[in-house]
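The values are calculated or read from the model by the stated rules, or taken from the named source; none is laboratory data. Quick caveat: nothing in here was measured; it's all calculated off a predicted structure. Virtual Cβ from ideal backbone geometry, glycine too; neighbours counted across all protein chains shown. Please note that ligands, DNA and RNA were not included when accessible areas were found on the heavy atoms of the full protein model with its side chains. Shrake-Rupley method; radii C 1.70, N 1.55, O 1.52, S 1.80 Å.
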Protein chains: 4
Amino acid sequence: MIIVMNGKTDNTDVEKVIQKLHEMGHEVHISRGERRIILGVIGDVENLASVPFYAFNGVEEIIRILKPYKLASREFKDFDTIIKVNDVIIGGKEVVIMAGPCVVENEKQIFETAHQVKALGAKVLRGGAFKPRTSPYTFQGLGEEGLKLLARAGKEANLAVVTEVMSVNQIDLVAEYTDIFQVGARNMQNFVLLKELGKIKKPILLKRGMSATLEELLLSAEYILSQGNYEVILCERGIRTFENYTRNTLDLSAIPALKRLSHLPIVVDPSHATGRWRLVSPMAKAAIAVGADGLLIEVHPEPKSSLSDGAQTLRFDTFSQLMEEIKPIIQAIGRECSIPSESELERIKK
Amino acid sequence: MIIVMNGKTDNTDVEKVIQKLHEMGHEVHISRGERRIILGVIGDVENLASVPFYAFNGVEEIIRILKPYKLASREFKDFDTIIKVNDVIIGGKEVVIMAGPCVVENEKQIFETAHQVKALGAKVLRGGAFKPRTSPYTFQGLGEEGLKLLARAGKEANLAVVTEVMSVNQIDLVAEYTDIFQVGARNMQNFVLLKELGKIKKPILLKRGMSATLEELLLSAEYILSQGNYEVILCERGIRTFENYTRNTLDLSAIPALKRLSHLPIVVDPSHATGRWRLVSPMAKAAIAVGADGLLIEVHPEPKSSLSDGAQTLRFDTFSQLMEEIKPIIQAIGRECSIPSESELERIKK
Amino acid sequence: MIIVMNGKTDNTDVEKVIQKLHEMGHEVHISRGERRIILGVIGDVENLASVPFYAFNGVEEIIRILKPYKLASREFKDFDTIIKVNDVIIGGKEVVIMAGPCVVENEKQIFETAHQVKALGAKVLRGGAFKPRTSPYTFQGLGEEGLKLLARAGKEANLAVVTEVMSVNQIDLVAEYTDIFQVGARNMQNFVLLKELGKIKKPILLKRGMSATLEELLLSAEYILSQGNYEVILCERGIRTFENYTRNTLDLSAIPALKRLSHLPIVVDPSHATGRWRLVSPMAKAAIAVGADGLLIEVHPEPKSSLSDGAQTLRFDTFSQLMEEIKPIIQAIGRECSIPSESELERIKK
Amino acid sequence: MIIVMNGKTDNTDVEKVIQKLHEMGHEVHISRGERRIILGVIGDVENLASVPFYAFNGVEEIIRILKPYKLASREFKDFDTIIKVNDVIIGGKEVVIMAGPCVVENEKQIFETAHQVKALGAKVLRGGAFKPRTSPYTFQGLGEEGLKLLARAGKEANLAVVTEVMSVNQIDLVAEYTDIFQVGARNMQNFVLLKELGKIKKPILLKRGMSATLEELLLSAEYILSQGNYEVILCERGIRTFENYTRNTLDLSAIPALKRLSHLPIVVDPSHATGRWRLVSPMAKAAIAVGADGLLIEVHPEPKSSLSDGAQTLRFDTFSQLMEEIKPIIQAIGRECSIPSESELERIKK
C-alpha cells in the first residue's frame, strides 16, 4: 500500500501516520519530495483495509497495490479451475452451451425446449422458477412447480440444469432440484446470499452486476470461495452505460481480462446483454472468439407467447442457426463442442 | 402503448399484432405512413407488459406511455406523503437530519455520538449492525449486539433510529430494535426482501441503487407499497459514472424529478455519494436548496479509528460546522429545522 | 511516480526499468515485497509522461502522484482567479447571472431578452450565433448577423456578452463582437481551438465535455493557460450517464471539487444539464448553495417558437421567479447579487 | 412523431398543439384516453425537429419515430457501401488490416513498420502527424514532416495511408499526403470540420466519440454525407464507462447494430479501446467474429521507446502472432484476408 501525503505536511502529522502503520505491525519506506511525501508499505496489508487514512491530516491519496481478493486470483492458483457437473465439464476444452427459456412456464414448453436444445448440442438446460422482475406487476415465475418441471425436463433430456436462487430461504428448496445455482446480476452484492452459497456443495454461476467492476465481481466470488465452495462460474451479461440501442453493453474485454486476473471459468450471456434477438448470434460468435468457456442463450418454442423477455429470445430455428454459426469459430480457435454435423442439423430442422 | 411497425410490413403480419391486441381486450388506433405504421392502444395496458411484441414480424419499437408504477406515483396520490416516527415527521416542513456512524462499534462510540448529534439538532440516529461490504475480509458489523447498542443509545438521547436490513431472515430481529428499516443501494432490487418489508408496519428508507434509474427506484418502492406498507422514504446516495474523483456522482436533479413523479419523501446521503468528508457539507447545502426532506450524515467521535468509511465521516466539530452552514439555507427556502442557535452551538463546541 | 512490478520479475527486467529512469535523470527508491516490487520516483517527472513503462516486462501498474496540470492548479496559485469583463467581476463575491436565448434569432428576440434579463439582475447576455447541432438538418445559427445583433443588444442594455466559437477560423470574427468566448462541451478537447484561444486577450468560458473527468477539464484549461491567456472560466453543464429522465446529470460535486483543485472561477449551466425547464430553478438554487460563481440560464421571450432547445428555456416570468428564488440562497451563503428587490421585481412583472 | 399529453389537459391547450402541427403542414391522428391524449403525426416531420413542443402546456413526452439521419441509413440505401482506396477495398469480402504506430516519430520507425506490416498482410498504414493529446505537455506529433514520412513509407511499401486531421485549417495540407482522413473520437462532433470534410474527395474514417450513441455517430456521418462525400468508414474504438480496468469499454454490439442501421463499412480499433496490449489480440478476434470490415492496430518496432500510447502497442512479433490468430477466424466466417501462410509467417519472423 502507498500513502501519498502533501509535501507541506507538518512532521508531527507525518509521524502520526507512520506510528499508526507501526502499530498495525508494518515497516514503512519513506520517500520525501518537495511536493509530495510517499509512504510505502510492502507485504500483506490486509489489516489496513479498514483504517481510514484519509482522515489523517496531510493524506492525499491511498493506493492499494495488492488485489483485495485472494482465492479468486491467478496468483493464488495459476491453473484454470475446471468444474464438473454430472458429465459436463465447464472450463475445459469444450465450449459449453447452456440454453432454455427465461422462465419455466409449463410442461410442454420446458420439455420441448429441453429435447430440442439437447439435439442441437446444448449441455445445460436453463430456466427460471423464481424471477427477479423490475416491476411487481409482471410474472414472477412458477416457484417450486417450475423447479420440478425443470429438473424433470433436464433428467429426461440428459441435461444438467441451472436456475436462479434469489434469497437465502430459497436455497434448500432450489438445491433439491438444480445442478447449478445461478446468482442474478441484481444479487451480485447480496452478501448474505453469497455467504450461504459458499457453504453448499454445488457450483454457482455468478452474474456480473450491471454496474460492477471486474474487481467487485471477483470480490463477490471471493465471498463464496472464502466459505469453502470453490466451484464458481463467472458470467458476463452486459453493463449499464449511456448507450440505449442495446439493453446493456456486453463488455467482452472482461473475458480476457478476467482470464488474466482469475482462474475461474467464464461464460457469456448475449441474450440479456443485448435485449435484441438479432444481435444474440453475432455476439455469441464474438464471445467464443474472445475466449468464453460457455454461453447462456434464451430459447423458447414460441417467443411471441413467452411470459418474459421475449424480445431477446431465439426460436428453435434461430437457435439452430446460431449453433451452426458458432461451430466454425469454436473450431477455428481450437476448442471443442457437441454441436452436430451440418447434415445432422439439417435433419433436425425438418 | 404505441407499437411502431415498419411501413413495408406485410398486411398479414400487421393483422397478427392487431389480433393479439384484440385478444388481450384492447381497442387499436392505426396510423399508416409510408415508412412506418403506428398502432396506438389507449388506457390500462398492464396486461400487455409481458407480451413480447418485439418477437412479431415488422415490429420496430414498443413505446410505453403510462408509467409502470402506480401507488408510488403523483397521479395516484397528489399530496405529499408524510411519515411519522415517534415524534419525528419526515416529509413535512422540517428538514430532518439523520446522523451517526457508518457502523456501531462499541457503547462509548454510539452513546457519545447519539448525545452529540442530538444536541446539534439531529432527529434520527443512524448506525449499521449488519454491513454490506464489498470484500469478505472487512469488518461486517456487530450484528444483534450492534442493534442493541443502537436502540439503547437512541432511547437515551431521545432519537429515532434507522439501521440496515440485508436479508429476509434478519427482518424480525431488526424489527425489535429499529424505528426505520434501511435498504441499502446494493439491495434496491432484492425483490424478495422488498416484498417482505412491504408486510411490516415500520417505515422503509430505500436507497437508490448505484446504477438504478428513477423509474427503477420507484418500481422498487412499488414492491413495498403494493404489499401494504405505504411508508417509504426514498434516498439519493450517488450513482456510478465514469468520474472517479468522487466515489459516486450525487444526482441532485433526482430530487425535484422524484418530487414531480412521486409523493414519497426524499432524503439525500452526501457522505456515501462523495466519499470525501470535505465535500459533505457543500453537497448537504445543495441538497437542501434543491428540496430534500432530510439528510443522512456520517458522524463519528474519531473517524481515524473508525472501522468503516472513515474517509467520508465527519467529526463532531465538522458536523457542528455543517449544521451551522445548512441552517441559513433551510431558512432561506422557508423550511424548518431543530438546529440550535449560533450561541448555543458555540456553547456545545466548548 | 510509482511503478509497480510483479514480485517474481527477473532482476534483469527490474534493472531495465531502473536504468531507463536513471537515463531520464531520476533517482529511484526501491521497495521489494514478496508479491510486488515498487519503484518510487520523487519530484518533477514531466519528462516521463511519454515513456511507455507498461511495455517493460514485469510492470503491472504506473501510478502518477503529481497532477498533470500546473497553471490551473491551486498548488501553482493559491488565491482565487478573478476575471473582470467591462464592469462585471466573475469569481468575486457576486454570483453572476448570464442569461439569454440558446440562439440569436432576430432583433426583436435578442433586444427584448437583453432588456428583460438586465432588469431582473443578469450581468451577461448569452446567445449563439454559431451553434453545434447534433443533426445537420437543424438550425445552425445566423452567423455574423447573429453576432452583430448580440453585440448591439448587449451594448444597448449594458450587458457583457458571451457567445460560442466553434472553430479556429471563426476566432477573429467572433472577437470583433464578443466580450467572452464560449467553448462548447463538444469542443472541450478540440486542442487546436484551445491553443489559439490561449493567444487572445479575452476570457474563455470552457464547458466541461459530456464525458470529461475533472482532470481532463483542467488539462483543457491548461492548454489555454499555457499559451498565456489566464482568464478561463470553468463551466459544469452535466455529464452523460445511464439516467435518461434528465438530458445529462448535473455533477454539482464538481464545484467544490474544482474549487479545491483549481483557482479558476466556475459557473453552472442548469438549462442544458437537465433539458427540462421545470428543473432549472431547483438546480440553480443548488448550484449556488454549493458554491458556483455564476449561472448560465436560457431565457427566451417565447420558448414555444424558439428555434433551439425550447424544452429547457425559461420565459421572462419563469426567469423572474428563478431570480426571486435564488436571491435568499445567495444571501444565506453570504454572497452578493444584483437582483432587484421583491417589490421592484413585482413592478417589472407588470 | 408522437406527442403525448396529460389526459387532464384543457381542450384549448390541446388545440394549440394541433394548430401548430397544422400550421407546419401536418395531419394529426388523435387518440384520447383517460390518463393520456396521444397525437400522432405520420410522414416526413423534419420541419418539426426544431419546434419545442415541450414548451406547450400539457405536453409530457415527444417520441420521434423516424430516425433523424437519412443518407447514412439502410432505408436510404439497402446495399453495403464499398470504398476503394488505390487497390484496397473496404467494406467488401476482405477484412482489411490497418496498422502502424500511434505517432510517426522518424524515418527508420515508420519505414520499418511499413515494410513489416505489409509483409504480414496489412493493407493500410496508419500513423499520426497531428496528435490530439489530453495534456499540452506531451508530444503532439511532427506535423508536416510526419505527413511526408508517412506518405513516403506508404508509397515504398505499397500501402494506402490513413492519418488524423484535427482542424479545418489542416485539411489542405493533410490532403496532399493521405489517402484516408481520420477524424478522432474527440472531434466526432466538431461539426465545422465534418462539413469541410464533406466537400473533399477522399474517404473519411470517422471514430465514435467516447460518449457518443450510435445515433449520434450516424448523425456525424450524415454531416459528411450531406455535403456530398459518400465515403465514410465508421470506427468503433471503445466508449467511456465506469469500468477502469480497460481504458475504455469496446462496444462490439455496435458492429451488428450499425450494420442493421446503416450501409457504411465499420472497422474496430482494439488498441485504443483496451489500452493494454495483451487484450488487443483477443478483442481483434472478437471484432472479426462479430462482423467488422477491418481493424486498426497500433504497431511499433520498439514500444518501449514509443513517444505515445506504448502501453497498448504491439511489437512486430506480437503483431505477427495476432495475424496468425485472426486468420482462422476470418476464414471461419467466410471472409478473406491477405495474411500470408503459416510457413511464410514463420519465414518472416526469422
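Couple of notes before you dig in:
- 3J(HN,Hα) from dihedral phi, the stretch B:170-184, Karplus parametrisation 6.51/-1.76/1.60, rounded to Hz, x for glycine, proline: 9, 4, 4, 4, 4, 4, 5, 10, 9, 8, 10, 8, 9, 9, x
- Backbone amide hydrogens, once placed in the peptide plane, bring C:Glu60 within less than 5 Å of C:Val4, C:Met5, C:Asn6, excluding anything fewer than 5 places away on its chain.
- Between the exposed loop cleavage positions of chain C, defined as GluC sites (Glu not before Pro) in a non-H, G, I, E, B DSSP state with at most 12 neighbouring beta-carbon atoms within 10 angstrom, the longest gap is C:35-350.
- Between the stretch B:1-71 and the stretch A:163-193, the C-alpha centres lie 36 angstrom from each other.
- Other-copy label distances relative to D:Asp10, 7 angstrom Cα-Cβ extension, nm: 5.1, 6.7, 8.3
- Inter-label distance for A:Glu336 and B:Ile18, nm, one decimal - labels placed 7 Å from Cα along Cα-to-Cβ: 5.6
- Gyration tensor verdict on the stretch D:231-289 (Cα atoms; rounded if a/c is under 1.5, prolate if a/b is larger than b/c, oblate otherwise): prolate
- Taking amide H as placed 1.01 Å from N in the peptide plane, the amide H of A:Ile239 sits under 5 Å from that of A:Thr249, A:Leu250, A:Asp251, each at least 5 places away or on another chain.
- Measuring nothing but protein heavy atoms, the accessible surface of the protein assembly as shown at 1.4 Å probe radius is 46 percent carbon and sulfur.
- Computed over the protein assembly as shown, Kirkwood Rh from alpha-carbon pairs, angstrom: 33.0
- Estimated vicinal HN-Hα couplings, Hz - the stretch C:155-162 in sequence order (Karplus 6.51, -1.76, 1.60; Gly, Pro = x): 4, 4, 8, 6, 10, 5, 10, 10
- Amide H contacts of B:Ile233 (H built 1.01 Å from N, in plane; Pro and chain starts excluded): B:Ile204, B:Leu205, B:Leu206 sit under 5 Å, all sequence-distant by 5 or more or on other chains.
- Most mobile listed residue (B:Arg208, B:Arg152, B:Arg237) in chain B, GNM with C-alpha springs under 10 Å: B:Arg152
- Rounded if a/c under 1.5, otherwise prolate or oblate - the stretch B:106-228, Cα gyration tensor axes: prolate
- Against the criterion of solvent-accessible heavy-atom surface with a 1.4 angstrom probe, D:Arg74, A:Arg347, A:Arg35 sort, most first, into A:Arg347, A:Arg35, D:Arg74.
- Over the protein assembly as shown: helical MRE at 222 nm, DSSP H runs n ≥ 4 each giving -39500 (n - 2.57), nearest 500: -10000 deg cm²/dmol
- Highest-MSF residue in chain A out of A:Val41, A:Val174, A:Val232 [GNM, Cα springs under 10 Å]: A:Val41
- With all projection directions averaged, the alpha carbon convex hull of the stretch B:1-107 covers 12.4 nm².
- Antiparallel DSSP beta bridges within chain D, as percent of all bridges there, nearest 5: 40
- Accessible surface of A:His22 - all protein chains present, 1.4 Å probe, nearest 10 Å²: 110
- Beta carbon of chain C nearest to the axis of the rotation taking C to D, residue and angstrom distance: C:Ser211, 2
- Euclidean distance between Cα centres, the stretch A:216-273 to the stretch D:239-268, Å: 19
- Per-residue mean of C-beta atoms belonging to partner chains within 10 Å, peptide D:270-282: 3
- Counts of other chain beta carbons within 10 angstrom of each beta carbon in peptide C:211-224 average 4.
- DSSP bridge analysis restricted to the protein assembly as shown gives an antiparallel fraction near 40%, rounded to the nearest 5.
- Ranked by solvent-accessible area (1.4 Å probe, protein heavy atoms only, all chains present), the residues D:Asp13, C:Asp317 order from largest to smallest as C:Asp317, D:Asp13.
- Across the stretch B:139-151, computed HN-Hα scalar couplings (Karplus, 6.51 cos²θ - 1.76 cosθ + 1.60, θ = phi - 60°) run 4, 10, x, 8, x, 4, 3, x, 4, 4, 4, 4, 4 Hz from first to last residue, x flagging Gly and Pro.
- Shape call, the stretch B:1-60: gyration tensor on alpha carbons, a/c limit 1.5: prolate
- Normalising the average separation of contacting C-alpha pairs (under 8 angstrom, six or more residues apart) by the number of residues puts the relative contact order of chain B at 16 percent.
- Projecting 7 Å from Cα along the Cα-to-Cβ direction, the label point of D:Thr318 sits 3.9, 4.2, 5.4 nm from its equivalents in the other copies, listed shortest first.
- Residue order for B:Cys337, A:Cys102 - accessible surface, 1.4 angstrom probe, largest first: B:Cys337, A:Cys102
- Taking only the Cα atoms of chain C, the ratio Rg/Rh comes out at 1.08, with Rh defined as the Kirkwood radius.
- Label sites at C:Glu34 and C:Ala175, each approximated as a point 7 angstrom past Cα along Cα to Cβ, lie 6.5 nm apart.
- Ascending list, in nanometres, of distances separating the D:Asn57 label from those of the other copies (7 Å, Cα toward Cβ): 4.8, 6.2, 7.8
- GNM result for chain B, Cα springs below 10 Å: residue of B:Ala153, B:Ala212, B:Ala332 fluctuating most strongly: B:Ala332
- Shielding value for B:129-140 is 6, the average number of Cβ atoms from other chains within 10 Å of each residue's Cβ.
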